[in-house]
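First up is the structure itself, then whatever we jot down about it.
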Amino acid sequence: MDQASAYGQVSPAAPLWLNKGDNAWQMIASILVATQSMPGLVILYASIVKKKWAVNSAFMALYAFAAVLICWVLLCFRMAFGDELLPFWGKGAPALGQKYLIAQARIPESTHTHEDGTRETVEPLYPMATLVYFQFTFAAITLILLAGSVLGRMNIKAWMAFVPLWLIFSYTVGAFSLWGGGFLYHWGAIDYSGGYVIHLSSGIAGLTAAYWVGPRLKSDRERFPPNNVLLMLAGAGLLWMGWSGFNGGAPYAANLDASMAMLNTNVCAATSLLVWTSLDAVYFGKPSVIGAVQGMMTGLVCITPGAGLVQSWAAIVMGILSGSIPWVSMMILHKKFAPLQKVDDTLGVFHTHAVAGLLGGLLTGLLAEPELCDLILSVNTRGAFYGGNGGMQFLKQMVAALFVIGWNIVSTTLILLFIRLFIPLRMPEEQLAIGDDAVHGEEAYALWGDGEKYDPSKHGRITETTESPYVNGARGVTINL
């Protein structure tokens, strides 16, 4: 029996180049990341918003997931990971052909020439179909995260037009530039798993979109309590657990780097959650469940650009900073900085994703460990704390961040101004006043039992209670039975 037969590689479905372990892990990682969106963020959005916006918020996420997939296979995958059109953009083409999808995965513009003249191209040991779907899950979650900035007032028809346009003209640019062999990739800027491509992009684009769409109703801005905190925790849990695939799948293989990335991801998230919760307890006098979720999120975002490139003690340092710096920006600076107060970023995506993503990218430029970098990067790389050319790496991280920020502000603005020519960006006032029933003809919950109206004699007296600071300083209600 020859070696190929011994390893079960005689079947046409298992060519010699296929590594079954890598392929299995990559598909599992894809499912984990997809689960972060569907149902993770669908549940999180439906429960963290005011009751009247539960259906609309969930539907915005559901629609984006489906729309991105179709656009991805028709055009956008190869704009992000195909042949070069411009130094920051690939040539769009379908990723649907049988020969293309069952061939070995390859990122054509990733070829790097070493000092000894040898050339290296990113060629994972599984089919292109696996890579196409894995990268789709990243594109989808970026749009869904962006949606968090405009929940509770964006015209659903405008959102349906915005998703494919933003994917084409914004997301693919960042993905190609940093991951697909564009100019930032070849210059040596690091974005291990999406701190810039996904989180900085969604945070900046979300804030920009929130500005152009306009604010929620004043009553919604002043009082926006989550309609189901426990369900919110379920969505947050799916998001956290799915992040092991998010960062663990970034090396495109089930290797040493994937293991480091998975451990560091969870260590940083846990540290950040504890720091954020502690700050809440000290500053506000009590810990907040919503605050804990925000701290979890900032930790996951911060570690993403360097998850497999930093030591685990550095992941704790990053968790301490991601649990404190975004906390200060959201809970203190936001309330003192007038321009930020004028923009209604519903879920604070700017703070949890843009601030935390930028922080993580810059910290990666300081803390990237040379031996870990050698496990996955084709160019000799080290953070500034490790001497050598590390200072230059920090500069590259800054320049890459500025490019992502600038491109997202401009592209998001132009896309929304174009849509505004045909569709109002904001819902009409009558829909804003009613919510889901006016927009979709559906509601998340019956108010009392099976559609029964509130009756004080039967259901108790409503009294005011103090709310968490994450409900925009509002007053909530409770029922005294």
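The values are calculated or read from the model by the stated rules, or taken from the named source; none is laboratory data. Being a predicted model, the structure only gives us computed values, none of them experimental. Virtual Cβ from ideal backbone geometry, glycine too; neighbours counted across all protein chains shown. Note: accessible area is taken over every heavy atom of the protein model, side chains too, but ligands, DNA and RNA are not part of it. Shrake-Rupley method; radii C 1.70, N 1.55, O 1.52, S 1.80 Å.
Descriptive notes on the structure:
- Those helices (runs of 4 or more DSSP H) of segment 204-309 in which 2 or more residues are within 20 Å of LEU359 (Cβ to Cβ) and open to solvent by 10 Å² or more (accessible area, probe 1.4 Å) occupy 256-284, 289-303.
- Where a residue in segment 184-199 is touching a residue at least 12 places away in the same chain (Cβ under 8 Å) and on the phi > 0 side of the Ramachandran plot and its partner, wherever it lies, is among the basic types (Lys, Arg) and surrounded by fewer than 24 Cβ atoms within 10 Å (Cβ to Cβ), with Cβ under 9 Å and at least six apart: GLY188/LYS396
- Inspection of segment 134-144 identifies no residue that is of a type outside the set (Val, Ile, Thr) and open to solvent by 10 Å² or more (accessible area, probe 1.4 Å).
Quick grid of which residues meet (1) farther than 30 Å from ARG426 by Cα; (2) modelled with pLDDT of 95 or more:
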residue	(1), (2)
MET296	yes, yes
ALA315	yes, yes
GLN341	no, no
ASP374	yes, no
VAL404	no, yes
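- Every condition in (1) closer than 20 Å to ILE43 by Cβ; (2) modelled with pLDDT under 95 holds for ARG216 except the one numbered (1).
- Restricting segment 84-102 to residues that are of a type in the set (A, V, I, L, M) and in a loop (DSSP other than H, G, I, E, B), the residue that is least open to solvent (accessible area, probe 1.4 Å) is ALA95.
- Cβ-Cβ under 8 Å pairs, at least 6 apart or on other chains, segment 360-378 side in contact (Cβ under 8 Å) with a residue 24 or more places away in the chain and farther than 17 Å from GLY248 by Cβ, far side open to solvent by less than 20 Å² (accessible area, probe 1.4 Å) and of a type in the set (Asp, Glu): GLY361/ASP191
- Filter pass, ALA161 being of a type in the set (A, V, I, L, M, F, W, C), in contact with a strand residue (DSSP E or B) (Cβ under 7 Å, 6 or more places away or on another chain) and modelled with pLDDT of 95 or more: no
- Looking only at segment 391-431, residues that are buried (at least 19 other Cβ atoms within 10 Å of the Cβ) and small (Gly, Ala, Ser) come to 3 in all.
- Qualifying positions in segment 321-341 - surrounded by 16 or more Cβ atoms within 10 Å (Cβ to Cβ) and within 19 Å of GLY360 (Cα to Cα): LEU321, SER322, GLY323, SER324, ILE325, PRO326, TRP327, SER329, MET330
- Yes/no for ASP344 being acidic (Asp, Glu), farther than 25 Å from GLY406 by Cα and open to solvent by less than 10 Å² (accessible area, probe 1.4 Å): no
- For LEU274: the one exception among (1) farther than 26 Å from SER37 by Cα; (2) out of contact with any helix residue (DSSP H, G or I) (no Cβ under 6 Å at 6 or more places or on another chain): (1)
- Residue check, PRO127 open to solvent by 10 Å² or more (accessible area, probe 1.4 Å), touching a residue at least 12 places away in the same chain (Cβ under 8 Å) and either over 25 Å from PRO424 (Cβ atoms) or small (Gly, Ala, Ser) (or both): yes
- Any hit, segment 39-52, residues being surrounded by fewer than 19 Cβ atoms within 10 Å (Cβ to Cβ), of a type outside the set (D, E, K, R) and closer than 30 Å to PRO225 by Cα: yes
The rows are residues; the columns are (1) more than 20 Å from HIS199 (Cα to Cα); (2) assigned to a helix (DSSP H, G or I).
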{"position": "ALA401", "(1), (2)": "no, yes"}
{"position": "GLY406", "(1), (2)": "no, yes"}
{"position": "THR412", "(1), (2)": "no, yes"}
{"position": "ALA433", "(1), (2)": "yes, yes"}
{"position": "GLU443", "(1), (2)": "yes, no"}
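- Close pairs (8 angstrom Cβ cut-off, 6 or more residues apart or separate chains): under 16 Å from LEU273 (Cα atoms) and outside any helix (DSSP H, G or I) in segment 312-336, open to solvent by less than 70 Å² (accessible area, probe 1.4 Å) and β-branched (Val, Ile, Thr) anywhere: GLY323/THR271; GLY323/VAL275; GLY323/THR298; SER324/VAL275
- Test: GLY182 is over 18 Å from the mean Cα position of the chain (by Cα), within 22 Å of ARG382 (Cα to Cα) and either open to solvent by 10 Å² or more (accessible area, probe 1.4 Å) or of a type in the set (Asp, Glu) (or both): no
- Among the residues making up segment 364-382, a single one is open to solvent by 20 Å² or more (accessible area, probe 1.4 Å) and either under 22 Å from the mean Cα position of the chain (by Cα) or of a type in the set (Gly, Ala, Ser) (or both): SER378.
- Residue within segment 66-74 that is surrounded by fewer than 23 Cβ atoms within 10 Å (Cβ to Cβ), within 24 Å of PRO124 (Cα to Cα), touching a residue at least 60 places away in the same chain (Cβ under 8 Å) and more than 26 Å from the chain's Cα centre (by Cα) present: no
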